[in-house]
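Since the structure comes first, as structure tokens, the remarks are kept for the end.
Readers should treat all values here as calculations from the given coordinates under stated rules, not as data from a laboratory. Not measured: the values here are computed from a predicted model. Cβ: placed from backbone, ideal geometry, glycine included. Neighbour counts: every protein chain shown.
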Amino acid sequence: MQAPDAIPDDPKPQPNPGGEPSETTDSAAAAGKVILMGASVRSAAASARRGGLRIWGIDRFGDADTRELCEEFQQISGPHQIAAALRRAKTRWPDAAVVAAGDLITPPDVEVDHALGRETQPIRSRDLWAQLAAESGCRFPTTRSIADEANSPHQHQRQSIDHDRWLEKLMTGTGGLGVRWSDPNRKPQGGMTFQQQWVAGRTYGVTFIADGTEATLLGACRTITTSFGDLPFIYAGSLGPMPLQPLTQDRLRCLGQRLVKRTGYRGLFNTDVVLSGDQPPWLLEVNPRWSASMELVEHTLAPEPSDSSPATQPSLIRWHVRAQTERLDTWVRVPDPAHSSRRFKRIVYSLRKGKLCSQAIQQWCRRLNAEDQPIRCTDIPAQTDDIAIGQPIVTLTGPLTQSTIYRGLSRQVQSLVS
């Protein structure tokens, strides 16, 4: 296929031969401490707790259940505060591993980049993604600079013809917050830096873990999106893990393996792909961090061997820490997805502007979680606050066979906005 246009300021991949572990993560494995930072770290904190780790959380929401999981917690108002929060945490817990546990976009900062590991930066390269996709039997959507397109003498005519098949994307957009349909009658909004060809199919988040030389595919979950205003692809949840066709699975394994061989990356990472039947997968992006669907994948994993860990329950965050210093083939066990229990994760968004009473929503969640049924409520707000249309209220999770109950429960939650 045609190679995508180069993206301005896209970092060039630099190999990291051997995937050498950093001193921070090496000592953290023995210390049993982890600093989690992201927009919401609740699911990662639950994983770390299952793995017997002590947790320092840094996130924007400060939900009640997140605070309960963390030994120490700092709530921040935005990315501009992440460096100071991390500095404070590292002063108190200097031997803790630092894990990006969600889609909190951080401004360039030497301390943050160093704490997250030098391997993550090369992975955030669209040039690299295009190369790996081609080498793995996958595809990468054609991408073009908005600046180049705007300077084209036929710009209006071209976009009028194909704008419904192109997306405008933020270089640092996450969770669908930076993705819009391209519109020839609208001036690109600030920060919109490139256009990408829209491709048909179902989007999946594919979870991998790597040890610097080998990558293991742990599971793939189908992504659910919703729309608010001119944002048509807001992340709303996941289903899975789902079985993949053998050829698709082989291509994705090859993709993950080539990425790790090229970069020496260690730990968890996620690839967003679009699948359609037995056609080659479309690679959209690679995220070198904990991702939203990983808690569903974790639910299907077998317990770690008792002689390698004091934890009896599987914990992907613990696996991430262990992968900094250990080989995967000694302890990672991956179940057959065809025989795994599938689950759903759905974020309940507010459909109206109003006030959300923390006491009311906490009581509702406690009643639900106390009932003898498999659906659970998480990401529970800690304080009463104003809420806007499209803001998350809570998250519901449970067996996929019970997903039809979600609609009734979500209406109950949404009715609590007054």
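Just report the Cα centroid separation between the stretch 213-248 and the stretch 54-94, whole Å. One Cα centre to the other: 27 Å. For the stretch 94-102, 3J(HN,Hα) computed residue by residue from phi via the Karplus equation (6.51, -1.76, 1.60; θ = phi - 60°) reads x, 9, 7, 6, 10, 10, 6, 10, x Hz, glycine and proline entered as x.
For a test of the definition: using alpha carbon positions, the gyration tensor, and the 1.5 limit on a/c, classify the stretch 345-414 as rounded, prolate or oblate. Taking the square roots of the gyration eigenvalues as a ≥ b ≥ c, the stretch 345-414 is oblate. Classify the stretch 165-289: rounded, prolate or oblate, from the alpha-carbon gyration tensor (a ≥ b ≥ c, eigenvalue square roots; a/c under 1.5 rounded; otherwise prolate if a/b is larger than b/c)? Here the stretch 165-289 falls in the prolate category.
Structure note, pairs K33/K345; K187/K353; K187/K345; K33/K261: Cα-Cα distances above 31 angstrom occur for K187/K345. Computed from backbone phi, the HN-Hα couplings of the stretch 51-57 come to x, x, 8, 7, 10, 10, x Hz, rounded to whole numbers (Karplus: 6.51 cos²θ - 1.76 cosθ + 1.60, θ = phi - 60°; Gly and Pro given as x).
Listing S227, S350 from fewest to most neighbouring C-beta atoms within 10 Å gives S227, S350. As a rough footprinting exposure proxy, the listed residues T384, T207, T226 were ranked by other beta carbons within 10 Å of their own, and the order from fewest upward is T384, T226, T207.
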